[in-house]
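Notes for the one structure printed next.
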Amino acid sequence: MRGRAALGGDAQARRGGAVRSLFRTKPVDRIVAEGGRGEGGELKRSMSLLQLTLFSVGATLGTGIFVVLGEAVPKAGPAVVLAFVLAAVTALFSALSYAELAGTIPVSGSSYSYAYATLGELVAWVCGWCLLLEYAVSVSAVAVGWGSYLNEFLDKAFHVTMPAAVSNSPGDSGGVVNLPAVAVVLIATLLLLRGTSESATANTIMVFLKIGVLVFFCAVAFTAFRGGNLTPFAPMGWAGISAAGSKVFFSYIGFDAASTAGEEARNPRRDLPLAIVLSLAIVTAVYVLVGLAAVAAMEWTDFELSGSEASLARVLDEASGRSWPSMVLSLGAVVAIASVVLTVMYGQTRILFAMSRDGLVPAVFQRVSPRRSVPVANTVIVAAFISVLAALIPLGRLVDATSIGTLFAFALVSAGVIVLRRTRPDLPRGFRTPFYPLTPLLGIGFCVYLMVGLGSVTWLVFLLWTVAGLAAYFLYGRRHSRLASIAPGGAAGDAPGAGKEPS
């Protein structure tokens, strides 16, 4: 009896150890110490505060205004302006949490690395897996919108359009394969392969162009300002504003892009938090101004008929009665939306870099070119995957799938702030979230609220993606985890010269 009891106790202990190993945390000191290093070379610290801020602005500004406005206005009417504010408040709470963790754990993995340090390996894996969905699908969605504006420009300037079969996705107005979407992904890939400094310079130019184009849009649209277009202001009530807020949250995805550059920033502890907060402020101001100009210039019921991808160009057509303003807008969008593709692709490659360094994805993703100081194979693989999505999947389905994965990751970052404040209050922090713990708790609450507002099909896709991710973790990630090999039995282990991290 005692022998069987002992055997049962041993089995129970093994099961308990196996469960604990799923939530082992990686010491912050170890995460920071490993920063920048990969197989074959190191990432180079070359990005200034301005470049980091514009990286986040480049990844964010344009995604919603150029692509999603036509889908959000029919849900909320003129109150789409409040929908942008609702999404901005949600993003702000998450941004403040991102700012604290980016200044505390300045590495490339963004919320994946933050979750690994605070919530454990399994949660970090799920977060990283959701980020793969967020980044890959958001790039694909923007690439689809880029093709629409390219067609708009060609039509206005040269009275020619690309055939629907090669410019639309399957199931979308006779589309077979979206070749323009593939083309913009390839352009971004070539820039990324040239080096981080070169990519940042190209992005800076494109962001200034993008802001100039949107200022031009407002200047023209406000000449057709009609107060009657703003009444009734909220025809669908709060439910419509909330539904539109869930939709336009997609337009705030990307403000965290600076946090993926933690290992290539010159002064990460100071610059990363500033870049995140500054970029969100710039983007929100532009979104509200452009949204107001759009709904005041064109009857909100006409947005549903104008087509979602190039809705701003339609507003200018109606506001000015001429074709050249929308031609200028379309040309600017063709160049400017490319910056979103560039910066978000950059973010995805750096998150995969961090996951590969931890052994959770294959080593090919952390191989750095000694000559270019960039992960070449990683970038090429990501570009190929995104190209397939952009070529074959319609825009609307991409937007919602991106939003739910992003909201989930943002909620985990807010939770991570609370955990790290309790477990490692001694860590140096370049920024501290104000009104703690209210701010991160509100961040979690707003994210959950907007997730609930998304449709059942979106939730089904999210759940299927999560199940696939869990299967990948147990079949590959858990077996190859470097933290497990460093700390048998699930303990986190110590970094050289560091105190033990609670797990």
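Among the residues of region 437-458, those identified as of a type in the set (Val, Ile, Thr), under 20 Å from Leu133 (Cβ atoms) and either surrounded by 12 or more Cβ atoms within 10 Å (Cβ to Cβ) or touching an Asp or Glu at 6+ places or on another chain (Cβ under 6 Å) (or both) are Ile444, Val448, Thr458. The set of residues in region 218-228 being within 33 Å of the chain's Cα centre (by Cα) and either surrounded by 15 or more Cβ atoms within 10 Å (Cβ to Cβ) or farther than 20 Å from Ser311 by Cα (or both) consists of Cys218, Val220, Ala221.
Against the definition (in contact (Cβ under 8 Å) with a residue 60 or more places away in the chain, part of a loop (DSSP other than H, G, I, E, B) and farther than 30 Å from Ser373 by Cα), how does Pro232 come out, yes or no? Here the answer is yes, as Pro232 does meet what is asked. Scanning region 30-52 for residues that are at pLDDT 85 or above, more than 21 Å from Gly477 (Cα to Cα) and either surrounded by fewer than 24 Cβ atoms within 10 Å (Cβ to Cβ) or of a type in the set (Phe, Trp, Tyr) (or both) returns Ser48, Leu49, Leu50.
Number of residues in region 228-260 that are closer than 30 Å to Ala99 by Cβ and touching a helix residue (DSSP H, G or I) at 6+ places or on another chain (Cβ under 6 Å) equals 18. Here the condition is being under 18 Å from the mean Cα position of the chain (by Cα), surrounded by 16 or more Cβ atoms within 10 Å (Cβ to Cβ) and assigned to a helix (DSSP H, G or I); of Val461, Val419, it holds for Val461 alone.
Out of the residues in region 142-198 that are small (Gly, Ala, Ser) and not in a helix (DSSP H, G or I), which is modelled with the lowest pLDDT?
Here is the first cut: in region 142-198, the ones small (Gly, Ala, Ser) are 143, 145, 147-148, 157, 164-165, 167, 169, 171, 173-175, 181, 183, 188, 195, 197.
Now narrow it down to the ones that are not in a helix (DSSP H, G or I): 169, 171, 173-175, 195.
Values: Ser169: 70, Gly171: 65, Ser173: 68, Gly174: 70, Gly175: 71, Gly195: 85.
Top of the filtered list is Gly171.
Go through Ala275, Ala285, Ala281, Ala293 for me and flag whichever is at pLDDT 85 or above, in a helix (DSSP H, G or I) and touching a strand residue (DSSP E or B) at 6+ places or on another chain (Cβ under 9 Å).
Ala275
Inspection of region 379-391 identifies no residue that is aliphatic (A, V, I, L, M) and within 16 Å of Gly262 (Cβ to Cβ). When every residue of region 149-170 is checked against the conditions, at least one turns out to be closer than 30 Å to Val467 by Cβ, touching a residue at least 24 places away in the same chain (Cβ under 8 Å) and either of a type in the set (Val, Ile, Thr) or surrounded by fewer than 18 Cβ atoms within 10 Å (Cβ to Cβ) (or both).
So for region 263-272 (the condition being surrounded by fewer than 24 Cβ atoms within 10 Å (Cβ to Cβ) and part of a helix (DSSP H, G or I)), does at least one residue qualify? Looking for residues that are surrounded by fewer than 24 Cβ atoms within 10 Å (Cβ to Cβ) and part of a helix (DSSP H, G or I), one finds at least one in region 263-272, hence yes.
Quick one: count up the residues across region 79-102 that are among the hydrophobic types (A, V, I, L, M, F, W, C) and over 16 Å from the mean Cα position of the chain (by Cα). Let's see the steps before the verdict.
If we filter region 79-102 for residues that are among the hydrophobic types (A, V, I, L, M, F, W, C), which is where we start, we get 79-89, 91-93, 95-96, 99, 101-102.
Applying the additional criterion that residues be over 16 Å from the mean Cα position of the chain (by Cα) yields 79-86, 89, 101.
Selection size over region 79-102: 10.
Determine whether region 113-121 contains at least one residue that is surrounded by fewer than 24 Cβ atoms within 10 Å (Cβ to Cβ), touching a Phe, Trp or Tyr at 6+ places or on another chain (Cβ under 8 Å) and within 17 Å of Ser414 (Cβ to Cβ). Checking region 113-121: at least one residue is surrounded by fewer than 24 Cβ atoms within 10 Å (Cβ to Cβ), touching a Phe, Trp or Tyr at 6+ places or on another chain (Cβ under 8 Å) and within 17 Å of Ser414 (Cβ to Cβ).
Would region 467-474 turn up any residue that is under 29 Å from Ser356 (Cβ atoms), in contact with a helix residue (DSSP H, G or I) (Cβ under 6 Å, 6 or more places away or on another chain) and at pLDDT below 90? Within region 467-474, not a single residue is under 29 Å from Ser356 (Cβ atoms), in contact with a helix residue (DSSP H, G or I) (Cβ under 6 Å, 6 or more places away or on another chain) and at pLDDT below 90. Hey, any hits in region 366-376 for a residue that's in contact with a Pro (Cβ under 8 Å, 6 or more places away or on another chain), under 23 Å from Arg482 (Cα atoms), surrounded by fewer than 20 Cβ atoms within 10 Å (Cβ to Cβ) and charged (D, E, K, R)? Looking for residues that are in contact with a Pro (Cβ under 8 Å, 6 or more places away or on another chain), under 23 Å from Arg482 (Cα atoms), surrounded by fewer than 20 Cβ atoms within 10 Å (Cβ to Cβ) and charged (D, E, K, R), one finds at least one in region 366-376, hence yes. For Val139, indicate whether it is surrounded by fewer than 24 Cβ atoms within 10 Å (Cβ to Cβ), over 12 Å from Lys26 (Cα atoms) and either out of contact with any Leu (no Cβ under 7 Å at 6 or more places or on another chain) or free of Cβ contacts under 8 Å to residues at least 24 places away in the same chain (or both). No.
Being closer than 22 Å to Ser199 by Cβ and at pLDDT below 85 holds for only one residue in Phe303, Phe250, Phe255, and it is Phe255. Looking across region 383-416, the residues that are modelled with pLDDT under 90 and either under 18 Å from Val32 (Cα atoms) or assigned to a loop (DSSP other than H, G, I, E, B) (or both) come down to Ile393, Pro394.
The values are calculated or read from the model by the stated rules, or taken from the named source; none is laboratory data. On a predicted model such as this, the values are computed, not experimentally measured, just so you know. Don't worry about glycine lacking a Cβ; one is built from the backbone with ideal geometry, like all the others, and counts go over all protein chains shown.
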